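Below is one structure, written out as structure tokens, with a few remarks after it.
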Amino acid sequence: MTTASRLRNPSAAHRFVAGDGAALHVVESGPAGSDGPPVTLVLVHGWTQDHRTWDFVLPHLDPGLRVLRYDLRGHGGSAPARRGGATIARLADDLAELIADRVPEGPLVVAGHSMGGMTLMVLAERHPSLVASRLAGAAFVATSSGDMDQLTLGFPGVVGRSVTRFEPRVARLLARLRSDTLRLRPGLVRSGARRLVFGDRPGRAQVDSVVEQLLCAHPASAGMFLDAIAAHRGVGGLGALCDVPSVVLAGEKDRLCPLPHAKVIADELPHAEFVRYPGAGHMLPQERPFEVARRISALVRVAAR
């Protein structure tokens, strides 16, 4: 059985069915129930990745902490996104429904990487009562509140403008694919990932992790979500998070969600801690796992008081 087929057939214990019938793959660790800890940490991954995004972060967290991870629809072991369902709003609703089912009580800290951070912003906008009553900490990891349709991947001038025009074509191409996985040569994907989403001197294991997750993503879903990312405007949700203890983490060499995007988020959250990582790219959970864990753990400690 291939990794992709194994992930697409989760056991009942790891399965959550969203309101529209989409089955999501869920992974829980740490204590649960009435004897569990007062805080639950929910980790939300980004585009073309899955719950394994956080594999390098987890060892640096308190082993007694309850952690909830899951695969966004169209990613990892979750069902593909349906037409009309590949939106950040639908991801936010999935998150709200998952919390209601798996963590119906107690304070929450939510950390979102890339599209996961966008999901958190839209959660605050669409489910303000949930945020007001339950959210005790928010971590925005290498993410953006908008203007992703102007992405240049860090290239100046005409090359950067070409990237901006080319991205919608990539989205349409992916959305038309009918295969279950991206049929690309791992070596080629590894080379591209190393240059595009990492900063200085990434480790082989970290790059391989990103590549393996990408090759498990559902191609058509990835294309539709690329359009959703381009259309994302999350400033309204950030306004609902002003009083939530927060941290904004950014790699100074991030090509996908550049540093100015992180600065916009930090400016909208006047009480948030803004942390920049020289030499790091977009994949902070892999590149700076100890630091990411340390910042998330600080939020958990505040939430537990």
Among (1) on the phi > 0 side of the Ramachandran plot; (2) of a type in the set (Val, Ile, Thr); (3) in a strand (DSSP E or B), the one test that Thr48 misses: (3)
Members of the stretch 175-195 found to be in a helix (DSSP H, G or I) and closer than 18 Å to Ala220 by Cα, listed by number: Ala175, Arg176, Val189
Any chance Gly117 is in contact with a Ser or Thr (Cβ under 6 Å, 6 or more places away or on another chain), in a helix (DSSP H, G or I) and either open to solvent by 20 Å² or more (accessible area, probe 1.4 Å) or in contact (Cβ under 8 Å) with a residue 40 or more places away in the chain (or both): yes
Helices (runs of 4 or more DSSP H) contained in the stretch 225-289 and holding at least 2 residues of a type in the set (Asp, Glu) and at pLDDT 95 or above: 259-268
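Could you list, in sequence order, the residues of the stretch 196-207 that are assigned to a helix (DSSP H, G or I) and surrounded by 13 or more Cβ atoms within 10 Å (Cβ to Cβ)?
Applying the first criterion (assigned to a helix (DSSP H, G or I)) to the stretch 196-207 yields 196, 204-207.
Within the stretch 196-207, Leu196, Gln206, Val207 meet the criteria.
Conditions (1) surrounded by fewer than 24 Cβ atoms within 10 Å (Cβ to Cβ); (2) free of Cβ contacts under 8 Å to residues at least 40 places away in the same chain, marked per residue:
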residue: Pro38; (1), (2): yes, no
residue: Leu43; (1), (2): no, no
residue: Arg66; (1), (2): yes, yes
residue: Ala136; (1), (2): yes, no
residue: Val141; (1), (2): no, no
Condition broken by Arg52, with the remaining ones in (1) closer than 26 Å to Glu291 by Cβ; (2) open to solvent by less than 20 Å² (accessible area, probe 1.4 Å) satisfied: (2)
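The values are calculated or read from the model by the stated rules, or taken from the named source; none is laboratory data. Keep in mind it's a predicted model, so treat the numbers as computed, not measured. Note that each Cβ is placed from the backbone with ideal geometry, even for glycine, and that neighbours are counted across all protein chains shown. Surface areas here come from the heavy atoms of the whole protein model, side chains and all, with no ligands, DNA or RNA. Shrake-Rupley method; radii C 1.70, N 1.55, O 1.52, S 1.80 Å.
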